[in-house]
1. Suppose every Lys and Arg Cβ carries +1 and every Asp and Glu Cβ carries -1, with no other charges. What dipole size does the protein assembly as shown come out with about its Cα centre, to the nearest 20 debye?
2. About its Cα centre, what dipole magnitude does region A:178-314 give when the only charges are +1 on Lys and Arg Cβ and -1 on Asp and Glu Cβ, stated in debye to the nearest 20?
3. Would you work out which of B:Val15, A:Asn114, B:Thr141 lies farthest towards the positive end of the dipole of the protein assembly as shown, given +1 charges on the beta-carbon of Lys and Arg and -1 on that of Asp and Glu, about the Cα centre?
4. Please rank A:Cys59, A:Cys297, fewest neighbouring Cβ atoms within 10 Å first, as an exposure proxy.
5. Can you give the Rg to Rh ratio for chain B, taking only C-alpha atoms and Rh from Kirkwood?
6. Students often forget the sequence filter, so: which lysines lie under 17 Å Cα-Cα from A:Lys150 once same-chain residues fewer than 8 apart are removed?
7. Would you report the distance distribution of C-alpha pairs in region A:101-142 as whole percents per 10 angstrom bin, up to the bin with the largest distance?
8. What FRET efficiency, computed as 1/(1 + (r/R0)^6) with R0 = 41 Å and r the Cβ-Cβ distance, is obtained for A:Met65 and A:Leu333, rounded to the nearest 0.05?
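What follows draws every value from the coordinates through simple rules; no lab data is involved. No experiment lies behind these values; they were computed from the predicted model shown. Glycine also receives a Cβ, built like all others from the backbone with ideal geometry; neighbour counts cover every protein chain displayed.
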There are 2 protein chains.
Amino acid sequence: MATIKDIANKLGISVSTVSKGLNGAKDISASLRQEVLETAVEMGYTGRKTKRQSQKRLCIFIENMDYESTGTFGYDIVLGFRQAAYKEQFEVVIQPVSHEFQVSENYDTYMLGNGFSGAFLLGFSLEDPWMEQIKSTAFSTVLLDNFIEKNPNVGYIGTDSEEGIAIAIEHLTKLGHEKIAFLDGSRGSMVSDLRMIAYLDSMSSHRLPVDPNLAVYGYFVADAAHYHVPTFLDLGATAILCGNDLIASGVIEECKRSGYKVPEDISVIGFDDLPLAQHLDPPLTTVKQDRIEIGKCGFYILRAMNEHISLSKNLLRPSLSVRSSTAIAKPRLAKRHSLDKDSVISANPELYAQFQQHRQIR
Amino acid sequence: MATIKDIANKLGISVSTVSKGLNGAKDISASLRQEVLETAVEMGYTGRKTKRQSQKRLCIFIENMDYESTGTFGYDIVLGFRQAAYKEQFEVVIQPVSHEFQVSENYDTYMLGNGFSGAFLLGFSLEDPWMEQIKSTAFSTVLLDNFIEKNPNVGYIGTDSEEGIAIAIEHLTKLGHEKIAFLDGSRGSMVSDLRMIAYLDSMSSHRLPVDPNLAVYGYFVADAAHYHVPTFLDLGATAILCGNDLIASGVIEECKRSGYKVPEDISVIGFDDLPLAQHLDPPLTTVKQDRIEIGKCGFYILRAMNEHISLSKNLLRPSLSVRSSTAIAKPRLAKRHSLDKDSVISANPELYAQFQQHRQIR
């Protein structure tokens, strides 16, 4: 790894000037400081070893996720992380970041310039500008619900989507449901893709056929229901599994608007168990992600990485919060059948495989 | 959770007798003690909460894995676990177990009777008698390379086989290899299945066809080479990827015996990076599992579970130890072609799917 002396030699300046640049001293210019930081990062400098180990300063970067009030998805994650970090005397800085911020700041330069020894990233997607830089970051970094290959400095924490969907489908099949629709979140989100695969696997393991018109991607918003629920109802679905609780809230509303009662006519099940789930009418049965645990584990993984243990994938167990939005199936005749009857995915492995082109993501 | 009083009521004996039974006091009979322990376990009793939290006593159960001398697979795992545990003043007991031992002792009863608050299991297979009991154990349990569904008290630690195989195949393709054989470990072992899937995925992502006669299961022993290497050589493979280092050692010997030089004529690559890998002739290029890290993480996961954080799947990053058993590909004409040319698995998704019936295991 590069030393302060290497950086000084490369820039043709003194060691003490480099040191001032790294430490943010006031008596060198902002542009020279930036040059020092960028050169240091380019050379793979991440701080003096002794200093780094004693440096108990972490950052939670948040992009596109609510976290400020208690009902939001991010609130408990941030809380759990802080609880675990404070117990071991770490300082935690919360830094919301926009797309523009990511374009204007280099990730490693920002980490070095602000004296962070590690970071936890919430709400980012793989398309975010920083993700390209994080593929080769030299700083310990944990991502919620995103996986980066091959970089030992980057870890992934999430809830086991496969098991979450499996317990939801199991709950529904025990209630006699067979025609189970799935309104997933946004296509291209890693968790959406994992949940779609898990839905296909679970249906298959219960020997239930899948109609592609009942297994669709929407968006992680309540409005998604408006476009898909009428089709699900027409095709005779008796239960609708949703990619998250917000989608489920929209699905319940849309069912009611169409004159169907939840759960008497149709069962609805969510994912996440946000505080809103218990306040819906009826209260929502949903797959619980323990967000306090996610936050704590984010910290534990960062701590392990600082001991040079490279935990790459870490999944927490989901559980099922059973409330009143699911009940015994009431089979109905479909008003119409799937347009293309051949497109129904049964135990037929070839068709099944075609639907699973995105299986590479696990 | 059941209390000591509940156990006493159920057995119609006094609380103090139950307490003596649980604590192994000398003045009650062995058969009464056994009855107390079994009833306690049946009722889901895992120790008084306050006592359990202060109880820093863990067990490493070892079945069918060498660990006593430095060159073995288990040695560093046990060492890493102890290092991490001792740092936090935990006591660690090493307990080798046979098939008979598992049949004669109930897992939870043994844990309770010996005052363990958690256990790390090495070398077990899903067919072992204890596995059925561990599906519903009330004690924090971490399994190396085995996954149990839905029980929040059981976690899985391993090295990411998918990434390990991917970096091995990438290394070989960069050297120009296209006809890459894979001699995997035993069928039905979870890691063997994961590695077979990873091999198929990696070949597919490099757009290389897979001949099923070049992708076979053997056993985790050197002798496996004897049965498969002649076929690989006849079919024109220029590289052989192996399910572990022992298999690779057999493959190198078998290649030499058949008059082929490693790596000039054929490249060989292993998995694990056991100490023996660097002493082979030629020294073996292999995918490294950091066994000290595995051991340490086994402890970290147990510790998290004792704080009621249910980490279910945890994978460490592998790395590639490049030595002299791999070199630039030297294409050879196959002496014969695969008997059934149609059986070659290309980018054709249907055939690919049929080969991946075991894909459920991830």
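1. Here the protein assembly as shown has a charge dipole of around 1380 debye.
2. Roughly 300 debye, rounded to the nearest 20.
3. About the Cα centre, the residue reaching furthest to the positive side is B:Val15.
4. Neighbour counts put them in this order, fewest first: A:Cys59, A:Cys297.
5. My calculation of the ratio gives 1.08.
6. Qualifying lysines at Cα under 17 Å: A:Lys135, A:Lys313, B:Lys174, B:Lys288.
7. Distribution as computed: 28, 65, 7 percent.
8. Values: r = 42 Å, r/R0 = 1.03.
So, using R0 = 41 Å, E works out to roughly 0.45.
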